[in-house]
Amino acid sequence: MAIFSILHHSPLSKNLQRLFLLRIIAVVAQTIIFGSVYSIIEFDLPWPEIILTIVALALLNLLTWIRLRYHWPVTNLELFVQLLIDVAALTVLLYLSGGSTNPFISLYLIPLTIAATVLPWHYTWSMAAITISCYTFLLYAYIPLPHNHSDDHSRHMFEFNLHVSGMWLTFVLSTLLIAWFVVKMSASIRDRDKELARSREQALQNEQILALGTLAAGAAHELGTPLSTMAVITKELEQEYPQDTDFQNNVRILRDQIAHCKQTLTQLLANTGQARAEEGDGQPVDAFLSHIIGKWKLIRPSVKFTYQCKGMQPAPAIMNTKLLSQSILNLLNNAADASTKQVDITSYWDQHLLHLEILDDGEGLNAEAIQRAGEAFFTSKGPGQGFGIGLFLANTNIERFGGNVRLFNRPEGGACTHVTLPVLS
């Protein structure tokens, strides 16, 4: 089992996790150092109290690990109290082993640095006052380290070198731990900034989609009347020239297109503000794609295309919603507009993902189109030939379903639109 099973962590939760790991390092280091002093240097220290303090710190860290397994939010006060636990344990250990003369006295800088990095200013100044008070207390109250008061010069040099080595080790530990924590904090800040940027971008997209939805609803109302008029006229034309077969075929195609437009507008008005991902039902991938391509063939009868599909059988299910099918239709229409001869469509899937490739044989994408593809109201088509919303809406909706859209130029010419969508497990 992983130490942390929470899928989403706030910055304070991540900092508490790092403090938990730092405390593990501290307990291990204290055990090694005091173990070496006991077995190698053989100092006479209050060992029961020292062992009890280290064990208590380890048990408190175990409680912290248990607490991290729950979704309780971490507050600034809780993190501050956790740091105070470390300060208290360090103060007790220093009191039992020389006080301010102990070379590890500068370890007080670690909790102070952490507080200054992640907590508000009043907690930082409180931690500064507490650590200074503890240091000042240890100047006068402590259990001295044992010394050999003989005139043995070599013994004095050994104790002096031991003290210097302890100061060096303290500096190394402090440097490594502070550097590690600050680097992790910087990474967390960068991740937070990226998440805020994504949130702002998502909010902007939602505003643009809302505006487009409002305009689309208004346009649907306004287009209903002229489409009804066109339907009546085409019916009259069909009755007026019953002997002209070519004319009848053309009028029939025109009536089918008008009927499809009216049906689309009716569905648009009926589903305004209600098209959410959870309203869709699961449908096998092959049937889902066949339905979309059949509908696209009806909309664009003059477009020549090939379609190939392959994947495991029975085919996995995919979320079948109007938003998703309309998004793929938009991508197919873009490829049809760009192609000169035909569009090649390929789909393949496994138990996790659906891959859909739409290949056109047009001129391909220029540098600006590659950079700005998917932006609202950007189009690489000529004036009056596109509104720049089809790809934007398709990309936005597909991302909402956990997929993505990639556009790139093909080496043999033309462009490829690659769609990836998760399937239902």
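The values are calculated or read from the model by the stated rules, or taken from the named source; none is laboratory data. Here the structure is a predicted model, which means the values were calculated and not measured. When we count neighbours, we look across all protein chains shown, and the Cβ atoms used for this are built from the backbone with ideal geometry, even at glycine. Keep in mind that these areas ignore ligands, DNA and RNA; they rest on the heavy atoms of the full protein, side chains included. Shrake-Rupley method; radii C 1.70, N 1.55, O 1.52, S 1.80 Å.
Any idea of the accessible area per residue across the stretch 283-355, 1.4 Å probe, to the nearest Å²?
51
When we measure straight from the Cα of K235, which lysines land under 26 angstrom away, once same-chain ones fewer than 8 places off are left out?
K262, K295, K297
Which of the lysines could a cross-linker span from K14 if the Cα-Cα distance has to be under 22 Å and same-chain partners fewer than 8 positions apart are dropped?
K184, K194
Using the per-residue mean of other Cβ atoms lying within 10 Å as a proxy for protection, in what order, highest first, do the peptides 228-234, 69-75 fall? Don't jump to the answer; show the numbers that get you there.
Details: 228-234: 14.3, 69-75: 11.7.
The most tightly packed comes first, giving 228-234, 69-75.
Order the peptides 49-59, 301-311 from the highest to the lowest mean number of other Cβ atoms within 10 Å of their residues.
Working: 49-59: 15.6, 301-311: 12.7.
Answer by packing, highest mean first, reads 49-59, 301-311.
Highest mean first, what order results for 320-333, 128-141 on Cβ atoms within 10 Å?
Working: 320-333: 20.9, 128-141: 14.1.
The most tightly packed comes first, giving 320-333, 128-141.
Please report the carbon-and-sulfur percent of the accessible area for the stretch 1-139; probe 1.4 Å, protein heavy atoms only, DNA, RNA and ligands left out.
Values: 5400 of 7220 Å².
Carbon plus sulfur share of accessible area: 75 percent.
May I ask you to evaluate 6.51 cos²θ - 1.76 cosθ + 1.60, the Karplus curve with θ = phi - 60°, for each residue of the stretch 397-404 and list the ³J(HN,Hα) values in order in whole Hz, giving x for glycine and proline?
Calculated HN-Hα couplings, in order: 5, 5, 5, 5, 8, x, x, 8 Hz.
Could you calculate the FRET efficiency of I41 with S199 from 1/(1 + (r/R0)^6), where r is the beta carbon distance between them and R0 is 56 Å, rounded to 0.05? Before the final figure, lay out the partial values.
Details: r = 56 Å, r/R0 = 1.01.
Between I41 and S199 the formula returns 0.50.
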